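One structure is given here, and the rest of the page talks about it.
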Amino acid sequence: MTRLAALLLAALVLAPASAGASTTRPPLGLTATPAHVALTGFGRATVRVTNPGASPVVVDVGRAGFALDLRGRPKVVSRGGARAASWLTVRPPRFVLAAGASLSLTVSSRLPRRVEPGDHDALVLLTTRPRRGSGVLVRMRIGIVVVVRAPGRIVRRLSLGPLRVRRERGSRILELDVRNRGNVTESLERGDVGLTLRRGSAEIRVRAEPRDLRPRTGGIVQFRYRSALQGWATATARITGKPGRAVVFRTYRVKL
């Protein structure tokens, strides 16, 4: 999940107050640890926020829902109004961090009645804003992933969809659609999803790049292929089993 939170880090530079300020202003920074928080039911966690820059920052705290596109890139889907985001309380909601200072945020969850079992995702958004008199207009935003697990029956179920071949810079990328039909996040690490390519007596095995699949969503896992094996081949995709998750496999015919 660390890689997911890293993708959610974004900075937006609006404009310097003057042409000279851009060369003399001190650097601005904001970090949060941990970048991923897991809560169970009525849970609570602490996030340490630090200003490593040389200027004080004013930080507003917000909540949002988020989703991943097919390639695993996150995007905010609803600020403050998403279902799981509304279960979160973050204290303090606004603060000022001096240069080099740190502060502890408390993130807590309170579940509504009759909530569906499994994982529910939200973001805590930390957004800086220009401080009066600083002479520089700079904004930064950090998204902290918060997963709230509601009690009840846990379902782990993956299924495989189409397999496509895409050519890119002299190599081939095989893209496999994977659906998470369960109610918890599936973290597919390197080696969890494999692909065996066969053409005649030749056989090649490749592994997918890591990625996460949120509950009841689908996505693409990618295999990079640089072998000289070309033409029509038989491809067998396989997802390894884990406690509570069955092995999944499917066979395809693809043109390499």
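The values are calculated or read from the model by the stated rules, or taken from the named source; none is laboratory data. Remember, it's a predicted structure, so these values are computed and weren't measured experimentally. Note that each Cβ is placed from the backbone with ideal geometry, even for glycine, and that neighbours are counted across all protein chains shown. Note: accessible area is taken over every heavy atom of the protein model, side chains too, but ligands, DNA and RNA are not part of it. Shrake-Rupley method; radii C 1.70, N 1.55, O 1.52, S 1.80 Å.
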Accessible area of the range 104-256 belonging to carbon and sulfur atoms, whole % at 1.4 Å probe: 46
At Arg139 and Arg250, where each label point lies 7 Å from the Cα along Cα→Cβ, what is the point-to-point distance in nanometres? 4.1
Solvent-accessible ranking of Thr128, Thr106, Thr46, largest area first, probe 1.4 Å: Thr46, Thr106, Thr128
Per residue, how large is the accessible surface of the range 159-237? Use a 1.4 angstrom probe and give square angstrom. 47
How much length, in nm to one decimal, is gained on full extension between Arg179 and Thr40, taken as 0.36 nm per residue of separation minus their Cα-Cα distance? 47.6 nm
